[in-house]
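First the structure, in the form of structure tokens, and then the observations on it.
The values are calculated or read from the model by the stated rules, or taken from the named source; none is laboratory data. Bear in mind that the values here come from a model prediction, so they are computed numbers and not experimental data. For neighbour counting, all protein chains shown are included, and Cβ atoms are generated from backbone atoms with ideal geometry for every residue, glycine included.
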Amino acid sequence: MEAEEDGLGSMLDIEPSSADVPPSRTSVSSEQLDVEAYAGLYNGRTKIKRLLFIAERCGNPGMEIEALRMAFDEIKKGEDTQLYRDVVHKIDGRLGPQYELDQSWVDMIDRRAELRKEKVENELNGYRTNLIKESIRMGYNDLGDFFYAHGNLGEAFKNYVRTRDYCTTSKHIIQMCLNVILVSIELGQFVHVSNYVSKAEQPPDVQDPITIAKLRCSSGMAFLESKKYKLAARKFLETGPELGSNYAEVIAPQDVAIYGGLCALASFDRTELKNKVIDNINFRNFLELVPEVRELIHDFYASRYASCLDYLENLRGNLMLDIHLHDHVETLYSEIRHRAIIQYTHPFISVDLSIMAGAFKTSVSGLEKELEELITQNQIQARIDSHNKILYARHADQRNATFQRGLQTGVDFDRDVRSTLLRTSLLKHDHHLRAARKL
């Protein structure tokens, strides 16, 4: 049975990895991204960081200046003067006098910050003198909040961790863990994220569905960062719809759908994809927010690879502008491509490589290399006829195997029956061994 082209359309073309270009400027063409709508999904520091990341990576002057403008406006709502200076420097006067450095605002915020810091530290010292655990915990929390608001994430992390010794209830422990997780994600220290997710899950009375959803997302992001895509997919798939916009300082529901969907496509087999993704009612709520991801998952499962891979290619530009996902896009796309090739070849005894290469928009030699890699990794049971450019599957001869099993069963049955008849006959005629008497 020869493989037909089966309507397989354009396959994604692997672009140069972001590691091959300087991190300060990776040109990404993405006319589709609505920066304002995207930024509206987040709040706090992650909103600013994502906007700055888009400005740095988009390679589109219009999109860059729009992202910088929105980041500037958001920063002015807070108290991080160093971040404010950085953004003003990046704008470089391109938005007019309204977006130039306001030194009087910077001086006012810095003076206010000094007074606030002195007050919080004095209060904390008083609490420590009086040895009131709850007050000390709140004092460290306030100091952590102060440093976080002013962009000193290292000091914020230290003060949030110090509250651990003064937590007296499960609620306090969970709050401490969530604070540490928040700062650790922004610092990119995902080992701490995993550790404190585990600590937050230890109290037996953790039943708040919103808190559980936050922990699932944080754990999923940690696994994603360490390239454990299957574990990441499971965590995102376990996230409940209660998450909503309650974790907008870290992640949006649309991110759960994208991260979880792509990780599942890259790591799940066909059965898992059906049971854990397509039939997952809770995750379906997230997928409805990103129809492109929903459709590409359904198309992949239904072997409509042309449509699936078109969706992937259309999403590529926007995904390269995601602050957490951009480093993993090429790897995930490569894994999804490999799984598409495996599923394409699975039903056939032989596949004409020239037809398959045309379907996947690649050369026959390039396709051979991919197939060789998959065969070497034991992901495809097949051999390649390089001369005739045909892939032959090493499927077991089911008919012959069944026949041989039947013959062996008959032989075993005949032996057992003969053994039983012989033993019965020996017993009937009292022919059996007796132990010799000892003298």
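Data table
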| quantity | calculated |
| --- | --- |
| Residue that is surrounded by the most Cβ atoms within 10 Å (Cβ to Cβ) [pool: residues in region 276-286 that are of a type outside the set (D, E, K, R) and under 18 Å from residue 336 (Cα atoms)] | 277 |
| Number of the exception - residue 307 against (1) part of a loop (DSSP other than H, G, I, E, B); (2) surrounded by fewer than 20 Cβ atoms within 10 Å (Cβ to Cβ) | (1) |
| Selection count where residues are among the hydroxyl-bearing types (Ser, Thr, Tyr) and in a helix (DSSP H, G or I), scope region 168-184 | 2 |
| Residue match in region 99-115 (condition: touching a residue at least 24 places away in the same chain (Cβ under 8 Å) and under 37 Å from the mean Cα position of the chain (by Cα)) | yes |
| Residue within region 193-212 that is crowded, with 20+ Cβ neighbours inside 10 Å and under 30 Å from residue 76 (Cβ atoms) present | yes |
| Filtered residues of region 370-405 (kept if over 22 Å from residue 336 (Cα atoms), modelled with pLDDT of 75 or more and part of a helix (DSSP H, G or I)) | 402, 403, 404, 405 |
| Scan of region 47-85 for residues that are among the acidic types (Asp, Glu) and either under 23 Å from residue 255 (Cβ atoms) or without any contact (Cβ under 8 Å) to a residue 12 or more places away in the chain (or both), ordered by number | 56, 64, 66, 73, 74 |
